[in-house]
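K.L.:
Dumping the structure here so I can ask a few things about it.
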Amino acid sequence: MLSAFSDEAIRIHEVAHLSDRLIAEAVGAKPSTVRDWLAGRSSPTGERARRLAELAEITDRLARVIDARYIPVWMLKPVEALDDRTPTAMIATGEARAVARLVSSLESPGAA
């Protein structure tokens, strides 16, 4: 039952070192649901698939500017530029673009 979306969940889990719980928090799913995606038993659809795609885009960009092992920490830290909200919470509430803008400032610090 693997799909491109379950492949993305696996990739994020492995490359960005995100746990099933962190992925679940970001996409609005239960950790057990994410474990099913990671095991290939099901695939995200609808809003969860969209949030997963947003999470993948952000973690891919983060991996270019910080050590990938630090990505889970960064995702869970309150960030002043996000009004002291966590990037994970922002993605979960549909505000991934704000997180992407912050990552953009990390990619090009002189442009911020």
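K.L.:
State whether one or more residues within the range 30-48 are on the phi > 0 side of the Ramachandran plot and outside any loop (DSSP other than H, G, I, E, B).
P.N.:
Among the residues of the range 30-48, at least one is on the phi > 0 side of the Ramachandran plot and outside any loop (DSSP other than H, G, I, E, B), which makes the answer yes.
K.L.:
I'd like the full set of residues that are part of a loop (DSSP other than H, G, I, E, B) and either touching a residue at least 40 places away in the same chain (Cβ under 8 Å) or over 25 Å from Asp7 (Cα atoms) (or both), limited to the range 65-85.
P.N.:
Of the residues in the range 65-85, the ones part of a loop (DSSP other than H, G, I, E, B) are 65-67, 77-78, 83-84.
Selection gives Val65, Ile66, Lys77, Pro78, Asp83, Asp84.
K.L.:
Right, here's the next one. Checking the structure you have, find out if any residue of the range 41-51 is under 19 Å from Ser3 (Cα atoms) and among the aliphatic types (A, V, I, L, M). Walk me through it before giving the result.
P.N.:
Filtering the range 41-51 down to residues under 19 Å from Ser3 (Cα atoms) leaves 41-51.
If we keep only those that are among the aliphatic types (A, V, I, L, M) as well, we get 49.
Yes.
K.L.:
Those residues that are of a type in the set (Lys, Arg) and exposed (fewer than 14 other Cβ atoms within 10 Å of the Cβ), I need them from the range 78-112; list them, please. Steps first, please.
P.N.:
First pass over the range 78-112, keeping only residues of a type in the set (Lys, Arg): 85, 97, 101.
Across the range 78-112, the qualifying residues are Arg97, Arg101.
K.L.:
Next question. What pairs come out if I take residues in the range 41-64 that are closer than 18 Å to Lys30 by Cα and loosely packed, with under 15 Cβ neighbours inside 10 Å and pair them with residues that are modelled with pLDDT under 95 and of a type outside the set (S, T, N, Q) whose C-beta lies under 7 Å away, six or more apart or interchain?
P.N.:
Arg41/Met1
K.L.:
Continuing with this model, one more query. Just give me the residues in the range 65-77 being surrounded by fewer than 16 Cβ atoms within 10 Å (Cβ to Cβ) and within 11 Å of Val103 (Cβ to Cβ), in sequence order.
P.N.:
Of everything in the range 65-77, those that are surrounded by fewer than 16 Cβ atoms within 10 Å (Cβ to Cβ) and within 11 Å of Val103 (Cβ to Cβ) turn out to be Val65, Ile66.
The values are calculated or read from the model by the stated rules, or taken from the named source; none is laboratory data. Values in this document were obtained by computation on a predicted structure and should not be read as measured data. Quick reminder, even Gly has a Cβ in these numbers, built from the backbone with ideal geometry, and neighbours come from all protein chains shown.
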